[in-house]
1. Can Leu19 be described as of a type in the set (A, V, I, L, M) and either at pLDDT below 90 or over 21 Å from the mean Cα position of the chain (by Cα) (or both)?
2. What's the total number of residues in the range 1-30 that are touching a residue at least 24 places away in the same chain (Cβ under 8 Å), surrounded by 11 or more Cβ atoms within 10 Å (Cβ to Cβ) and not small (Gly, Ala, Ser)?
3. Just need a number here: residues in the range 46-59 that are surrounded by 10 or more Cβ atoms within 10 Å (Cβ to Cβ) and more than 30 Å from Val20 (Cα to Cα).
4. Which of (1) outside any helix (DSSP H, G or I); (2) in contact with an Asp or Glu (Cβ under 9 Å, 6 or more places away or on another chain) does Phe26 not meet, given it meets every other one?
Amino acid sequence: MELLVASAIGVLTAAGIYLVLRLRTFPVILGMSLLTYAVNVFLFASGRLTIGAPPILSDDVTTYTDPLPQALVLTAIVISFGMTAVVVMISLGAYLGSDDDHVDDQPESTGSEASQ
């Protein structure tokens with residue numbers, strides 16, 4: 001189980017970094033989302049991967065699940081959803097303002113600068 005979760009985190013991180021390094025805004029947004037998912041899975045896995053264990057301590061329970069990573073992941077999901085909406089709106093405004101969605105837009109050189 002741990003190998004599967006670690007592999008999923010690695011694949012999400014690698015795909016996210018690859019997409020963040022693209023030159024268009026939509027793949028960058030998708031890459032940031034994948035990196036967020038990788039961090040969420042990492043946080044969730046940091047509380048030990050136990051199946052069927054309760055998150056609340058009681059007298060008859062010998063193993064339990066740590067509820068803190070679950071709370072952190074729930075908070076991170078809400079924050080990442082809000083930040084994704086903000087980034088989408090900023091990139092949409094930049095696209096509508098310049099009719100181009102390149103991330104590293106350089107100012108176009110005029111003819112006199114190109115000849116020098």
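The values are calculated or read from the model by the stated rules, or taken from the named source; none is laboratory data. Since the structure is predicted, the reported quantities are computational estimates derived from the model, not experimental observations. Please note: Cβ atoms are built from the backbone with ideal geometry, for glycine as well, and neighbour counts cover all protein chains shown.
1. On the way: of a type in the set (A, V, I, L, M): yes; either at pLDDT below 90 or over 21 Å from the mean Cα position of the chain (by Cα) (or both): no.
Here the answer is no, as Leu19 does not meet what is asked.
2. Final tally of qualifying residues: 11.
3. Restricting attention to the range 46-59, the residues satisfying the condition of being surrounded by 10 or more Cβ atoms within 10 Å (Cβ to Cβ) are 46-50, 53-55.
So of that shortlist, the ones also more than 30 Å from Val20 (Cα to Cα) come out as 50, 53-55.
Counting residues in the range 46-59 that are surrounded by 10 or more Cβ atoms within 10 Å (Cβ to Cβ) and more than 30 Å from Val20 (Cα to Cα) gives 4.
4. Every listed condition holds for Phe26 apart from (1).
Results for (1) loosely packed, with under 13 Cβ neighbours inside 10 Å; (2) farther than 14 Å from Leu43 by Cα; (3) of a type outside the set (Lys, Arg); (4) modelled with pLDDT of 85 or more, shown as yes or no for each residue.
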| site | (1), (2), (3), (4) |
| --- | --- |
| Val61 | yes, yes, yes, no |
| Asp66 | no, no, yes, no |
| Gln70 | no, no, yes, no |
| Val73 | no, no, yes, yes |
| Ile77 | no, no, yes, yes |
| Gly82 | yes, yes, yes, yes |
| Val88 | no, yes, yes, yes |
| Gly93 | yes, yes, yes, yes |
